Amino acid sequence: MAQSGEPNAWKALGELSSIGITLVVATVIGLAGGYYLDRWLGTSPWLTLIGLIFGIAAGFVNLFRSVKRAERNIDDSE
């Protein structure tokens, strides 16, 4: 656990704790975008599936970026 005098470790912990929410939000945004495009263009279910895949991919890209940033913050504090 980080000591109270180590703000970088607390910052990294806070950023890593938001990863789950970010994954879900990115997936839901992609799914909703694909769903509404499908309804508008009448191409069901293809754009919904594509939107879902893009949403999941965006969530994982954000996951890797957050982990890398937190790793860098922890390394800088040592």
State the number of residues belonging to region 19-60 that are under 24 Å from Glu71 (Cα atoms) and of a type in the set (A, V, I, L, M, F, W, C). 10
Region 64-78 - residue that is closer than 28 Å to Gly33 by Cα and of a type outside the set (D, E, K, R) and, of those, surrounded by the fewest Cβ atoms within 10 Å (Cβ to Cβ): Phe64
Does Thr43 fit the bill of being assigned to a loop (DSSP other than H, G, I, E, B) and at pLDDT 90 or above? yes
Considering region 3-28, residues that are closer than 17 Å to Phe60 by Cβ and in contact with a Phe, Trp or Tyr (Cβ under 9 Å, 6 or more places away or on another chain), and then whichever is modelled with the lowest pLDDT, we arrive at Leu23
Quick one: count up the residues across region 46-78 that are of a type outside the set (Gly, Ala, Ser) and at pLDDT below 85. 9
State all residues of region 36-63 that are buried (at least 16 other Cβ atoms within 10 Å of the Cβ) and in contact (Cβ under 8 Å) with a residue 24 or more places away in the chain; if no residue qualifies, say none. Leu52, Phe54, Gly55, Ala58, Gly59, Asn62, Leu63
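The values are calculated or read from the model by the stated rules, or taken from the named source; none is laboratory data. If you're wondering where the values come from, they're calculated on a predicted model, not measured in any experiment. With ideal geometry, Cβ positions are generated from the backbone for all residues, glycine too; neighbour counts draw on all protein chains shown.
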